[in-house]
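Enquirer: One structure, pasted below without further comment.
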Amino acid sequence: MSVFMDLNLSFTADKKLLQSVVETAAHLGFSTVAINYVFEPTAKKKQDIPSPTPINELIDQLPVVQGRSRPIRVLNRLTIVMSDSSHFRPNAAEYRCFDLLAVQPTTDKLFHAACMTYDVDIICISVTEKLPFFFKRAPVNGAVDRGVVFEVSYSAAIRDSTMRRYTIANAVSLMDTCKGKNVILSSAAEKPLELRGPYDITNLGLLFGLSDGDAKEAVSSTCRSVVLHAETRRTASGIISTMRSCSESSCQQEAPPAAADSEAPAAKRAKHQLPDD
């Protein structure tokens, strides 16, 4: 049985609405979702990168996934809308608070840099306007080789007929270049009614130019690859991962008391006397 994921649920300060969106996603069969915080810096003034709200503060109780006996998994994601190269700050400490890191470049130069050099997990394709650049095979193949995926969201196509044309046109242009490789389909839903089931999204992928197999992978195995890529990025290329097993005070309390003679140097410890013959 496939594990379906929607890695883009728009964050809202309305906790009741956000919980309703997550519950709807679980009811539709999504095992993992990501709450997306969009950061769009401006050139006029410096803005602080938003910090993710802990999941237990947003959602009182995680809903159980339809058809499974486990609760839904909720991740945090940051999407940076870039109009200048200075908007992406490599190794920024604020990025480490998020499980997934995405960028949405708005120029050809920034798209090339995101594909070839930026250490991110997802490159978002704008669906609300006509792209000001064309996709080129070299940077797209470079992103595929690095394990970076391209994301197309569909909720804008539900809201407005003009955006529907832009969504289909931009998606078809991307599929012609990447040949359906490393593509995920997500909702970017703001309300429960904007969510669709995994098999409906698969049919939508066929409209975008994906094959039947690639459309299914766009909501399942490719999304899982994104999560694994993010874990690798955050753990020194997957070589090492550290975690604190217990606090220093608790470790000291649990440590057994050492014997008095064991604290002394080995040369000064009392030797056991042998019995006389």
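Enquirer: Could you look through segment 53-105, keep only residues that are assigned to a loop (DSSP other than H, G, I, E, B), closer than 16 Å to Asp121 by Cβ and modelled with pLDDT of 90 or more, and pick out the one that is least open to solvent (accessible area, probe 1.4 Å)?
Expert: Phe98
Enquirer: Among the residues of segment 18-44, how many are within 14 Å of Leu62 (Cα to Cα) and charged (D, E, K, R)?
Expert: Residues flagged as within 14 Å of Leu62 (Cα to Cα) and charged (D, E, K, R) within segment 18-44 amount to 1.
Enquirer: Among all residue pairs at least 6 apart or on different chains, which show Cβ distances below 6 Å where the first residue, located in segment 55-83, is within 14 Å of Ser20 (Cα to Cα) and the second is open to solvent by 90 Å² or more (accessible area, probe 1.4 Å) and in a helix (DSSP H, G or I)?
Expert: Correct list of pairs: Leu58/Lys15.
Enquirer: For segment 110-140, how many residues meet the condition of being in contact (Cβ under 8 Å) with a residue 12 or more places away in the chain, surrounded by fewer than 18 Cβ atoms within 10 Å (Cβ to Cβ) and part of a helix (DSSP H, G or I)?
Expert: 3
Enquirer: Further, regarding this structure: Working only within segment 176-221, note down all residues that are surrounded by fewer than 19 Cβ atoms within 10 Å (Cβ to Cβ), polar (S, T, N, Q), under 22 Å from Met163 (Cα atoms) and touching a residue at least 24 places away in the same chain (Cβ under 8 Å).
Expert: Thr177
Enquirer: Please indicate, with yes or no, whether at least one residue in segment 195-209 is among the basic types (Lys, Arg), modelled with pLDDT of 90 or more and closer than 30 Å to Leu18 by Cα.
Expert: Yes: one or more hits.
Enquirer: Out of the residues in segment 2-28 that are in a helix (DSSP H, G or I) and under 18 Å from the mean Cα position of the chain (by Cα), which is farthest from Ile80 (Cα to Cα)?
Expert: Top of the filtered list is Ala26.
The values are calculated or read from the model by the stated rules, or taken from the named source; none is laboratory data. All figures in this text were calculated on a predicted structure; none of them were measured in a lab. Heads up, the Cβs are rebuilt from the backbone with ideal geometry, glycines too, and the neighbour counts pull from every protein chain shown. The area values use the complete protein model at the heavy-atom level, side chains included, leaving out ligands, DNA and RNA. Shrake-Rupley method; radii C 1.70, N 1.55, O 1.52, S 1.80 Å.
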